[in-house]
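I have placed the structure first, in the form of structure tokens, so that the comments after it can refer back to it.
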Amino acid sequence: MRFTRITIIRSTKPEKKDVNKELQWFGGTLGLFNLRDKDKSCFRIFITLLNGLKSNQQLTSDEVAIQTKLSRGTVIHHLHKLMESGIVIKEHNKYILRMDNLEQMVDYIKQDVDQAWNKLKEVAKDIDEKLGLK
């Protein structure tokens, strides 16, 4: 069974003048970056993978750790979180973003959400029928 953690957080979109703030908003809206991440470790890893995508480069956890100046343990923790969310995949011990660009990523996440929603509705209908609520 494939497991994907999907989190969507509604917040005010920043002005389009600062790409860094837009990227923080993007990841925050997907529940990737939270207040407990004081040194923005997950954001730094996300940006490193995004830069890897731009240069068509797959990165090992060690390479990500070196580029972000984070411990390998911290990098592995956040890479697992990003894989749980479905936006990072691991191929041959290297990590890459799941899609070729952020717009594709949003579309793919929407497909995941739609599938989860349809399954939830199907189960809810079944339970309603078993409980005589319909």
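Could you check, for region 61-81, whether at least one of its residues is closer than 24 Å to Asp112 by Cα and modelled with pLDDT under 90? Yes, that holds for at least one residue.
Just to be sure I understand, how many residues within region 26-40 are among the polar types (S, T, N, Q) and either at pLDDT below 80 or surrounded by 18 or more Cβ atoms within 10 Å (Cβ to Cβ) (or both)? Matching residues across region 26-40 total 1.
Only residues that are under 15 Å from Thr29 (Cα atoms), assigned by TED's automatic domain parsing to the domain that holds Thr29 and β-branched (Val, Ile, Thr) were counted in region 78-130, giving 1. The residue of region 56-93 that is farthest from the chain's Cα centre (by Cα), among those that are among the charged types (D, E, K, R) and closer than 14 Å to Cys42 by Cα, is Lys69.
The values are calculated or read from the model by the stated rules, or taken from the named source; none is laboratory data. A quick note: this is a predicted structure, and the numbers were derived from the prediction, not measured. Cβ sites come from the backbone with ideal geometry, for glycine too, and all protein chains shown count toward neighbours.
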